[in-house]
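The values are calculated or read from the model by the stated rules, or taken from the named source; none is laboratory data. This is a predicted model, so every value here is computed, not measured. Methodologically, a virtual Cβ is constructed for each residue, glycine included, from the backbone with ideal geometry; neighbour enumeration extends over all protein chains shown. Only protein heavy atoms, including side chains, enter the accessible area calculation; ligands, DNA and RNA are left aside. Shrake-Rupley method; radii C 1.70, N 1.55, O 1.52, S 1.80 Å.
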Amino acid sequence: MHAFRDVDYDRYTITKEYDPDVETVRQRDMIRRAAELAKEREDRLGRRLNACVVTFGCQMNARDSEKINGVLTAAGIELTDDENADIVIYNTCTVRDNANQRVYGRLGNLGVMKKKHPDKMIVLCGCMVQEAAVIEKIRQTYPFVDMIFGTHNIYKFPELLVRLLEDEGMIIDVWKKTDSVVEDLPVVRKYPFKSGVNIMFGCDNFCSYCIVPYVRGRERSRMSGEILEEVRRLADTGVSEVMLLGQNVNSYGRGLEGEISFPGLLKEVEKVEGIRRIRFMTSHPKDLSDELIEVMAESRKICSHLHLPVQSGSSRVLEMMNRKYTRESYLELVYKLRKAMPDLSITTDIIVGFPGEEAADVDETVSLIHEAAYDNAFTFIYSKRAGTPAAYYESRMSAEEISEGFNRVLAAVQKEARKNVSRFSGRTMEALVEEVNEKDSGYVTGRLSGNVLVHFKGDASMVGTYQNIKLTENKGFYYIGERV
Ligand code: SAH
Ligand code: SF4
Ligand code: F3S
């Protein structure tokens, strides 16, 4: 079972007058109906109905899974990590092909389980199923899947759950797009002390390699009032760290008349009592303003970490990627950030093997890794996504060259990370304790403001607390420390 779970019950007791036009109210009614249907099944089975939600992909998907878990819990269905559950939901990612392949592999196993337990309900949702070709493949190869729904109608999950429990046969409900942002469904958080908060959905940047704008739709910001109310509510229920989520948080508020900008939103979140740490993800370098740097530098709560995906160190490749900045302008931004915040940890994402990239471009990425002095980086081999512009470009490097380039990039990242993370060695810093160490229950794992993990002696009672830790040993990407 999950170690940390709590439900915000207030969020689904109906406090407003019944209004069938209001989607939220309708969905809350659906939760009640789902609870009745779940109860009927339980009576038949003679035991609790349970569900297992497996998340693939990014923080957005993780947050969506918390909403799915919230609805399941509200309908009286027990949550479990065991895929032998009555209901198994895969919340999928399609950013790279290996994400799809993982899902197909695991679906095969679920099919075997379902042969033994025909009542098992298998559900697919998330980014992968936004693609028609994927749905077709599932219909043909995995006909035992009971329901497929997409990213745009996740707020209708209570209704979909009712249909699933009513046993309609294979249900496919995937929308091409949506303009709406529906508020207020129940949520079950993975951690009681920290939470993601969506500030915007979708993406309008259309980087030429990326599928996200197609599967998540156009950029939509939530009203700041709704966001702040959610943050206050979270703080009231014991959350001290929030992560503001969006594919490009720096363009928050665009298209909403009279709405505050992202730095303005940060200033408001800063005022919420009980919130001690603020993080955000992801920042697109092209939209990072001087005002944001100022707000970050002055803040007592914004963490000293910035994830600033560069993708490539070559201006030529960046142009083909449609990133709208150059190597030079990116590095200038990094210098500006470092000047304003000398302790700031900067991390990044890098793609190797973009079509048209050559070994000389990879050299530029390697040199940029050293110049930008990253604390960490996620490195990916380019994966062709059908329907994106880059899918039509031709690759110049062979598979061996790409793999050689990838290894060089990885080595540079590891070297920089070890060097840069070590700048904190011997210092005492505050860590938020996140969990008891899986391998050694005498140890706990905490996260520093700069997003680096530190392991130190402790026990379960410390989870969710802030501890001052002397960083005694640098292990490359993490520390061993001691409480002081
Ligand atoms: N919105 C974020 C990124 C979200 S996707 C941003 O722009 O920074 C996370 C990362 O996956 C990207 O930064 C990119 O490095 C990687 N990625 C996206 N599409 C990819 C593809 N087709 N092949 C390989 N990596 C990809
Ligand atoms: Fe993809 Fe680019 Fe949007 Fe990030 S900003 S989600 S990489 S299109
Ligand atoms: Fe994957 Fe969708 Fe996130 S494609 S990276 S889960 S937005």
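For the reader, a short list of remarks on this structure follows.
- Taking label positions 7 Å along the Cα-Cβ direction at both ARG338 and ILE172, the computed distance is 5.2 nm, reported to one decimal.
- Candidate lysines for bridging to LYS286, where Cα separation is under 23 Å - those fewer than 8 sequence places away on the same chain excluded: LYS267, LYS324, LYS336, LYS339
- Within the accessible area of the chain (1.4 Å probe), percent carbon and sulfur: 49 percent
- Across the protein chains, with a 1.4 Å probe defining accessible surface, the residues HIS455, HIS284 rank HIS455, HIS284 from largest area downward.
- Kirkwood-type radius of segment 191-303, with distances r between different C-alpha atoms, in Å: 14.4 Å
- Dividing the radius of gyration of the alpha carbons in the chain by their Kirkwood radius gives 0.96 for Rg/Rh.
- Segment 246-402: proportion of alpha-carbon pairs further apart than 20 angstrom, %: 54 percent
- The peptide list 233-242, 64-73, 308-317, put in order of mean Cβ contacts within 10 Å with the highest first, becomes 64-73, 308-317, 233-242.
- Point-to-point label distance, ALA132-LYS39, nm (Cα→Cβ direction, 7 Å offset): 4.3 nm
- Counted over all Cα-Cα pairs of segment 316-423, pairs farther apart than 17 Å make up 56 percent.
- Annotation: average projected area of segment 56-152 is 6.1 square nanometres, based on the convex hull of Cα atoms across all directions.
- Formal net charge of residues neighbouring LYS470 (Cβ-Cβ distance under 11 Å; K, R +1; D, E -1): 0
- Under the combined filter of DSSP loop state and at most 10 neighbouring Cβ atoms within 10 Å, segment 255-326 retains these GluC sites (Glu not before Pro): GLU257, GLU273.
- Heavy-atom accessible surface of the chain, averaged per residue, reaches 44 Å², computed with a 1.4 Å probe.
- Cross-link table LYS384/LYS415; LYS194/LYS271; LYS156/LYS271; LYS301/LYS470, entries beyond 23 Å C-alpha to C-alpha: LYS384/LYS415; LYS156/LYS271
- Share of Cα-Cα pairs in segment 4-173 lying beyond 26 Å, as whole percent: 26 percent
- Potential extension, ILE260-LYS324 segment - 0.36 nm per residue separation minus Cα distance: 20.6 nm
- Cys residues of the chain counted as unpaired, since no other Cys beta-carbon is under 4.7 Å: CYS52, CYS58, CYS93, CYS125, CYS127, CYS203, CYS303
- Pair LYS271, LYS384: separation of 7 Å Cα→Cβ label points (nm): 5.3 nm
- Difference of contour (0.36 nm per residue) and Cα-Cα distance, GLU404 to ALA62: 119.9 nm
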